[in-house]
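In what follows, a structure is listed as structure tokens, so that the remarks can point back to it.
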Amino acid sequence: METLDRAISDYAAGVFLRYFRQGTLAGAASPHLDLARDMDLLRAHWALSEPVRTFLSYMLSHRHEAQSLLHFVRRTDDAVARGRIDARDTMLARRVAGHPSLVIYEEPVRSFNTGPNQVVAWVVHTASTYAARLFAVQPAGSAYARLVEETMTDVAAVGRLDALREVLRSVAVHRRPGPGALRDAARSRRMIYRLAIAAYDTLARVEAGDEEALRSVLQSTLIGPLEQWRRFELAVGLGIGEALAAETGKPMSLALLGSQSGAPVISCGRYDVFWQGGGGFYTPPALEPSEERLERALAAYGIQLAADRPDLVIADRQAGQVVGIVEVKYLAGDTASARFREAVGQIVRYARGYAPKAEIDGLVRASLIALSREAPDLLDEAAPAPRVMDFMGLTDGRLQAWVRERLLSSAH
């Protein structure tokens, strides 16, 4: 079970990057990601990750470890010399200016704008930039809020250190430290520079798609839903989006979960995928006799019929109609056959509210049941029955076959 749970969380990692509801640390062992699509969010997770937090914490507890460099600045003054006098230039300047007490000298000045400190400042500034971007999209109650706030508090405190004020004024995210600065920081024996270069290298490896770096960052930051069954629902939704993209040739986009209620979580071309909501397409059907009796029995206690909703709904935005319903069942303690029967009953019931009576069978055929394991075999492909698959079907081609043969064919 633990192996399956980890596989589900790894597969849904790209969605979890955008999951800003209440949740818990999900981590990732082998995250399923699209680097081009997910890179900005991966940089934001780097800003919250253990290498950056360790670096910031060390900076705050060792405020005077930053090393300065002594260099000489040429000055011209009147009868005052705060350094080594340049006798030749002083005499020439006096003759030209006619000023007998003019002095030209080299003043020793201590500066923190050194190569290693430029690496430190770039890491601080970049972490601040991406943490602020992530904070800007957080809804109330986001599970990431605490991590973001802690990082931003530490970044602000580091930014107030005297040693970094000068160098922070000249740093920019798009202008990275030069090879000399990186080399000097890497060679330094001071822990402040070793931690800075470690954080910098981690980001560079994340951007290159290095799996070990991705794992080290996401293990300490990636948050998913509290319940495993919700994680499985999101994994199935992501799989459907990727299958739609593969079959239609259109790019898939993932929404930020928690920022806007009722919006699709995935869009691909003309298709939208809604999670835990019907997208406004549901029309309550007339109650059947057994449902009328249940309604009257509940009314005697002042209770209304439960408003059920599918786990996932796929809608054709251009046609303005639902083309598929998906029920997702994560098997914990019940049997696969019991959960499968429950899912079939739900799809048949939901279909009455998403299609006219004459089209219900077609919608049921275009729908899907996803079990975490032990999916039964479909014996009659022509029957008005949904297809079924287990978690492995997300990656072995069965999900894409359902999209091609059932979902898209029913939509046209």
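The values are calculated or read from the model by the stated rules, or taken from the named source; none is laboratory data. No experiment lies behind these values; they were computed from the predicted model shown. Note that we place each Cβ from the backbone using ideal geometry, even for glycine, and neighbour counts take in every protein chain shown. Remember, those area values only see protein heavy atoms, side chains included, never the ligands or the DNA or RNA. Shrake-Rupley method; radii C 1.70, N 1.55, O 1.52, S 1.80 Å.
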### Task
Please compute P(r) over all alpha-carbon pairs of the chain, binned at 10 Å starting from zero, and give each bin as a whole-number percent.
4, 18, 22, 17, 13, 9, 6, 4, 3, 2, 1, 0
### Task
Per DSSP H run of n ≥ 4, the term is -39500 (n - 2.57); total these for the chain, divide by its residue number, and report the mean residue ellipticity at 222 nm rounded to 500 deg cm²/dmol.
-14500 deg cm²/dmol
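What is the gain in length, in nm to one decimal, between Ala246 and Gln276 on full extension, counting 0.36 nm per residue of separation less the C-alpha to C-alpha distance? Walk me through the numbers on the way to the answer.
Working: separation 30, 0.36 × 30 = 10.80 nm, distance 2.42 nm.
So the extension gain works out to 8.4 nm.
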## Note on the structure
In this structure, the FRET efficiency calculated for Ala286 and Ala81 from their beta-carbon separation, with R0 = 56 Å, to the nearest 0.05, is 0.05
### Message
Pick from Ala127, Ala87, Ala145 the residue whose mean-square fluctuation is largest in a GNM of the chain, springs joining Cα atoms under 10 Å.
### Response
Ala87
### Task
Between Ser61, Ser49, Ser253, find the one with the highest GNM mean-square fluctuation for the chain; connect C-alpha pairs within less than 10 Å.
Ser61
### Task
Provide the FRET efficiency to the nearest 0.05 for the Val96-Leu60 pair, computing r from the beta carbons and using R0 = 60 Å.
0.70
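Quote the relative contact order of the stretch 141-262 in percent (integer), defining contacts as alpha-carbon pairs under 8 Å separated by 6+ residues.
Numbers: 29 pairs, mean separation 17.1, N = 122.
Computed over the stretch 141-262, the figure is 14 percent.
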### Task
With θ set to phi - 60°, apply the Karplus curve 6.51 cos²θ - 1.76 cosθ + 1.60 along the stretch 250-255 and write out the HN-Hα couplings as whole Hz, x wherever there is a Gly or Pro.
9, x, 9, 10, 10, 8
### Summary
For the stretch 300-412, the Kirkwood Rh over every pair of distinct alpha carbons, in Å, works out to 14.7 Å
### Task
Determine how large the accessible area of Ser30 is when every protein chain is in place; take a 1.4 Å probe and give Å² rounded to the nearest 10.
60 Å²
### Task
State the extension gain, in nm to one decimal, for the chain segment bounded by Ala319 and Thr153, taking 0.36 nm per residue of separation less the distance between their alpha-carbons.
54.9 nm
### Query
How much accessible area per residue does the chain have, in Å², with a 1.4 Å probe?
49 Å²
### Task
With a 1.4 Å probe and every protein chain kept in, tell me what percent of the accessible surface of the chain is carbon plus sulfur.
52 percent
### Message
Starting from 0.36 nm per residue, how many nanometres of slack lie between Ala132 and Arg88 once their C-alpha separation is accounted for?
### Response
10.4 nm
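Run through the stretch 149-245 and list the GluC sites (Glu not before Pro) located in a DSSP loop whose Cβ has at most 13 other Cβ atoms within 10 Å. Don't skip to the answer; put the middle values down first.
Working: sites: Glu149, Glu150, Glu166, Glu207, Glu211, Glu212, Glu227, Glu233, Glu242; in loops: Glu227.
Listed in order of number, the matching sites are Glu227.
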### Task
Mind jotting down the distance between the C-alpha centroids of the stretch 332-401 and the stretch 227-294, whole Å?
15 Å
### Query
Counting pairs of alpha carbon atoms under 8 Å apart in space and at least six apart in sequence, what relative contact order in percent does the chain give?
17 percent
### Task
Would you kindly state the longest site-free stretch of the chain, with sites defined as trypsin sites (Lys or Arg not before Pro) in a DSSP loop (not H, G, I, E, B) surrounded by at most 12 other Cβ atoms within 10 Å?
190-412
